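The structure appears below as C-alpha cells.
Each reported figure results from applying straightforward, stated rules to the coordinates on display, with no laboratory input. Only a predicted model underlies this, so the values are computations on that prediction, with no experimental measurement involved. Here the Cβ is made from the backbone with ideal geometry for all residues, glycine too, and neighbour counts use every protein chain on show.
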Amino acid sequence: MPSTRSHDMRQPSVALAPLPGRCSGVLLHVTSLPTDYGIGDVGPAAINFLDWLHKAGQTLWQFLPLNPHGHAGSPYGTPSALAANPAIVSLVPLLGAGLLKADDVKELLSVPKGKVDYDRITPLKRRLLRLARDRFREGNISHPSIEGWDEKFDEFVRREGPSWLDDYALFTALREKHGKCWVDWPVELRDRKASAMNKARKELEDDIDEHLFNQFLFDIQWSAVRKHAEKLGIRLVGDIPIFVAYDSADVWAHRQMFKLDKDGKQLAQAGVPPDYFSATGQLWGNPVYDWTAIAKDGYKWWTLRCQRMLALSDIIRIDHFRGFEAAWEVPADHTTAMNGKWVKGPGTAVFKAVDKALGGRMPVIAEDLGVITAEVNAIRDEMGYPGMKVLQFAWGGESKYDPRGDHLPHNLKSHHCVYYTGTHDNNTARGWAEQASASERKAVRRYLGRSAPGQDLDAPGGKRKRVEGASMVSEKLEAGAEDDAREIIETASWDFIRIAFSSVADMAILQLQDALDLGTDCRMNLPATVDNNWSWRALDGQMTDDIAAKLRSFTEFYGREPATKI
C-alpha cells in the first residue's frame with residue numbers, strides 16, 4: 001500500500017543524451033494510434049507504430065503529454081503533471097494474461113474507431129482496469145507475464161511514491177469521493193492536515209490501490225515501448241506544458257508554488273494575449289507560478305518534473321517556452337485574456353538548477369512560437385535549445401507573402417532548430433491548402449518552381465507591387481487575384497514534407513496526417529475552442545508499406561537517415 005511520506009524530491013539518475021543531428025520524425029499522440037478498443041494505447045499499437053517508423057526511416061516519435069486527460073480529452077488540462085493517463089494503458093496484455101476475458105471488452109469493441117469518444121471510453125476503460133486489478137489481487141490467475149508482479153508493484157510504489165505517486169493516488173481518490181475541486185473539500189483535507197490525510201488513506205485504501213495499480217500497469221507497458229524504441233534507434237520526444245491545471249494533485253500538494261490566496265483560491269490565471277488564433281486572446285485558466293517561492297526551494301519540483309519526463313522520453317519539448325521569460329497573467333475573475341499583463345519569469349535560472357541537479361544538460365526543444373521577444377530568444381540561445389519553425393506560417397496568412405518571413409526555409413538562421421510541417425495546433429497540410437487564400441497557394445506553387453515568377457504576378461486580377469526592403473526588392477501579388485493554384489491542394493501534404501526535409505534544420509517533424517494526406521476533419525486541435533479536439537485516430541491499414549517507402553525515400557535523399565546513401 002502507498003507510503004505515507006510526501007514531498008520527498010529525491011531524484012533517481014537519468015541518462016542525458018545530446019540532441020540528435022540531422023534527422024526526421026513523426027508527430028502522433030498515443031491516443032491516435034489504431035486499436036480495437038476506442039483509444040490508442042501503449043501496448044502492441046505503440047510497438048507496431050515504432051516498427052512502421054523504422055520502416056519509414058524515421059528516428060523521432062513526438063507525442064503530446066502522456067498525463068491523464070482533462071476536459072474534452074485535452075492532454076494539456078491534466079489533473080496531474082507527473083502521472084500517466086490510465087486510458088492509454090493497453091488491454092491486450094491483460095487479455096493475454098487472463099486478467100480480462102473476451103466478454104469483458106465486447107462493449108469497447110463496438111465503439112467507432114475513427115474518433116475517441118472520451119465521455120464513453122473513459123468510464124469503460126476505468127471499469128476494465130479495475131476488474132483486471134481485482135482479479136490480480138484475488139491471486140487465482142497464473143500466467144508467465146504477471147509473475148513477480150507483487151514484488152514489482154511494491155518496488156514501483158517505493159520508488160515513485162514519496163515524490164509524486166502517493167499524492168496523486170490520494171488526490172484522485174479524494175476528488176472522486178467529493179466530486180468537486182480540492183479547494184471545496186473539507187478544510188482539513190484542503191489544507192492537508194496530517195490527521196485528515198491519514199484517515200483518508202485508511203478509508204480510501206482500495207481506491208488508492210486502484211490508482212497505484214493503473215500507474216504500475218502503464219510503467220510496465222511504457223518500459224517495453226521505450227526498450228523497443230531504443231532497439232530501433234528511435235528517440236521519443238515528450239511534451240511538458242509549462243502550466244498545470246488548478247484542480248490537480250500538483251497544486252493541491254504544492255500550493256506554495258502558485259499565486260493563491262490563504263484559502264487556496266486563484267489570484268490570477270494564465271493565458272496569452274490576442275494573436276493569430278484568437279482576437280480576444282486565449283484564457284487558459286491555469287494558476288500562475290510564484291517563481292520567487294519556487295526559487296527559494298531550489299526549483300525542486302521542476303527538477304522532479306523534468307526527471308520524470310526524461311524517465312519517459314529522450315527529448316523534452318517545453319510548451320509555451322516564452323512563459324519562462326514572462327507570462328501573460330490575467331485576473332482570476334476575467335472572462336477573456338485581453339486585459340492581462342506580462343509578468344517576468346525565472347529566465348535561465350530554472351533550467352540551470354535542473355541541469356545541475358540532474359548532472360548534465362537536458363535535451364530540450366523550446367516551443368518559441370507566438371509573441372516572441374529578444375529576451376525569450378536570449379534565454380533559448382543561452383541554454384542552447386533549438387526553437388521551432390512551422391511551415392504553415394511561412395506563406396503570409398492574412399498578410400501577403402514576405403520573402404523575409406522567419407518560417408521560410410531559406411530564412412532559417414541556423415540548422416539548430418526543429419522544422420514542422422505543422423504542429424498539433426495547426427491544420428493538416430492538405431487542410432491548410434484547402435482553406436488557404438489564393439495568394440498563399442500561389443506563393444507555395446511559386447516557391448516550388450511550378451510557374452514562372454512573372455506568370456503568377458500577371459495573372460488576371462494580379463498587379464505588380466514594389467516593396468522596398470533593406471537590401472532587396474521583392475514582388476508581391478495583391479489580394480483579389482484569381483485563384484489558379486488550387487492544384488496545390490492535391491500535392492500540399494508531400495510538398496510540405498519535401499520542403500521541411502530539404503531544409504537545413506537539424507530535425508524535421510511531420511504530422512502523421514500529412515504522410516496520410518488527410519484533410520481538415522483530421523486535425524488534432526483548433527486553439528481557442530473547447531470541443532471536437534484531441535479525438536482524431538488513425539485507422540488500421542492507413543500506415544501502408546508504400547507510404548513508409550515514400551517517406552524513407554525523402555529521408556534518405558535529404559540526408560536525414562543515419563548512414564545515408566543516395
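For K442, the lysines whose Cα falls under 19 Å of its own Cα, not counting residues fewer than eight places away in the same chain, are K400, K463, K465, K476. Among V14, V225, V244, the ranking by other beta carbons within 10 Å of each residue's beta carbon, starting with the fewest, stands as V14, V225, V244.
For the modelled label position 7 Å from the Cα of K265 along Cα-to-Cβ, which residues of the stretch 163-183 have backbone nitrogen atoms closer than 15 Å? Inside the label zone: 181-183. Evaluating kT/(6 pi eta Rh) at 25 °C and 0.890 mPa s, with the Kirkwood radius of the stretch 385-439 over Cα pairs in the Stokes-Einstein relation, gives 206 µm² s⁻¹. Is the stretch 219-348 rounded, prolate or oblate when judged by the Cα gyration tensor, a ≥ b ≥ c being the square roots of its eigenvalues, rounded requiring a/c under 1.5 and prolate requiring a/b larger than b/c? It is prolate, given that a/c is not under 1.5 and a/b is the larger ratio. Here W534, W342, W185 are placed in order of increasing Cβ neighbour count within 10 Å, fewest first, which gives W342, W185, W534.
Between D191 and K413, the modelled labels are 5.1 nm apart [label points 7 Å from Cα along Cα→Cβ]. Within the stretch 498-516, list the residues whose amide N lies under 19 Å from a label point set 7 Å along Cα→Cβ of D545. Those under the cut-off are 516.
Overall shape: oblate for the stretch 1-138, with the ratio a/c of the largest to smallest alpha carbon gyration tensor axis at 1.5 or above and b/c at least equal to a/b.
Both numbers refer to the Cα atoms of the stretch 133-289; Rg and Dmax are 19.6, 60 Å. Note on the stretch 499-553: with charges restricted to the Cβ of Lys and Arg (+1) and Asp and Glu (-1), its dipole about the Cα centre is near 100 debye. Under the definition of Cα pairs under 8 Å and six or more residues apart, what whole-number percent is the relative contact order of the chain? It comes to 19 percent, rounded to a whole number.
Extending 7 Å from Cα along the Cβ direction at Q256 and again at S437 yields two label points whose distance is 5.3 nm. Charging the Cβ of each Asp and Glu at -1 and of each Lys and Arg at +1, and nothing else, the dipole of the chain about its Cα centre rounds to 900 debye. Across the chain, the longest piece that holds none of the GluC sites (Glu not before Pro) lying in DSSP loops with up to 11 other C-beta atoms within 10 Å covers 148-397. Seen against the Cα atoms of the chain and their longest principal axis, helix 488-502 is set at about 80 degrees.
Counting only aspartates and glutamates at least 8 places from K101 when in the same chain, those with an alpha carbon closer than 15 Å to its own are D36, D134.
In terms of the mean number of neighbouring beta-carbon atoms within 10 Å, the peptides 290-299, 388-397 order highest first as 388-397, 290-299. Relative to the dominant Cα principal axis of the chain, helix 349-358 is inclined by about 60°.
One equal scatterer on each Cα of the stretch 275-361, no solvent, Debye formula: the resulting log10 I(q)/I(0) at q = 0.21 Å⁻¹ is -1.06. Each of L129, A169, H254 was scored by the projection of its Cα onto the charge dipole of the chain, and the greatest displacement toward the positive side belongs to H254; charges sit on the C-beta of Lys, Arg, Asp and Glu.
Our helix-only sum for the chain, with -39,500 (n - 2.57) per DSSP H run of n ≥ 4 divided by its residues, gives a mean residue ellipticity at 222 nm of -11000 deg cm²/dmol. Restricting attention to the stretch 232-355, close to 70% of DSSP beta bridges with both partner residues there are antiparallel.
The loop-placed trypsin sites (Lys or Arg not before Pro) in the stretch 393-447, going by DSSP, that have at most 14 neighbouring Cβ atoms within 10 Å of their Cβ come out as R404, K413.
Sequence-ordered 3J(HN,Hα) estimates for the stretch 204-215 from the Karplus curve with 6.51, -1.76 and 1.60 and θ = phi - 60° stand at 10, 4, 5, 5, 4, 4, 4, 5, 5, 5, 4, 5 Hz, glycine and proline given as x. Sequence-ordered 3J(HN,Hα) estimates for the stretch 332-338 from the Karplus curve with 6.51, -1.76 and 1.60 and θ = phi - 60° stand at 4, 8, 7, 9, 10, 9, 5 Hz, glycine and proline given as x.
Modelled label positions at R159 and L109, each set 7 Å beyond Cα in the direction of Cβ, lie 3.5 nm from each other. Basic side chains Lys and Arg get +1 at the Cβ, acidic Asp and Glu get -1 at the Cβ, and with that the dipole of the stretch 146-239 about its Cα centre reaches some 380 debye. Rounded to 0.05, the FRET efficiency of the T348 and A17 pair, given R0 = 25 Å and the Cβ-Cβ distance, is 0.70. Using the Cβ-Cβ distance between E230 and K152 with R0 set to 30 Å, the FRET efficiency from 1/(1 + (r/R0)^6) comes to roughly 0.90. Amide H to amide H, with H built 1.01 Å from N, A268 comes under 5 Å of V288, A332, counting only residues 5 or more places away or on other chains. Taking Cα centroids, how far is the stretch 294-322 from the stretch 341-410 in Å? After rounding, the separation between the Cα centres reads 17 Å. The gain in end-to-end length when the N339 to E556 segment is fully stretched comes to 73.2 nm, 0.36 nm per residue minus the alpha carbon separation. Where a ≥ b ≥ c are the square roots of the eigenvalues of the C-alpha gyration tensor, would you call the stretch 331-437 rounded, which needs a/c under 1.5, or, failing that, prolate if a/b is larger than b/c, or oblate? Verdict is oblate for the stretch 331-437. For the cross-link pairs K55/K227; K152/K231; K199/K259; K202/K259; K202/K296; K262/K296, the ones whose C-alpha atoms lie over 27 Å apart are K199/K259; K202/K259; K202/K296. Stretching the chain fully between A72 and S502 yields a gain of 151.1 nm (0.36 nm per residue, less the alpha carbon separation).
Which one of N140, N427, C23 has its Cα pushed farthest toward the positive end of the charge dipole of the chain, where Lys and Arg give +1 and Asp and Glu give -1 at the Cβ? Looking along the dipole axis, the top candidate is C23. Diffusion coefficient (Stokes-Einstein, Kirkwood radius over C-alpha pairs, 10 °C, 1.306 mPa s) for the chain: 63 µm²/s, rounded to a whole number.
Can you give the angle from 0 to 90° between the axis of helix 545-557 and the longest principal axis of the chain, with both taken from C-alpha atoms, to the nearest 10? Helix 545-557 and the main axis of the chain meet at about 60 degrees. Computed over the stretch 65-181, the convex hull of the alpha-carbon atoms projects to a mean area of 8.4 nm².
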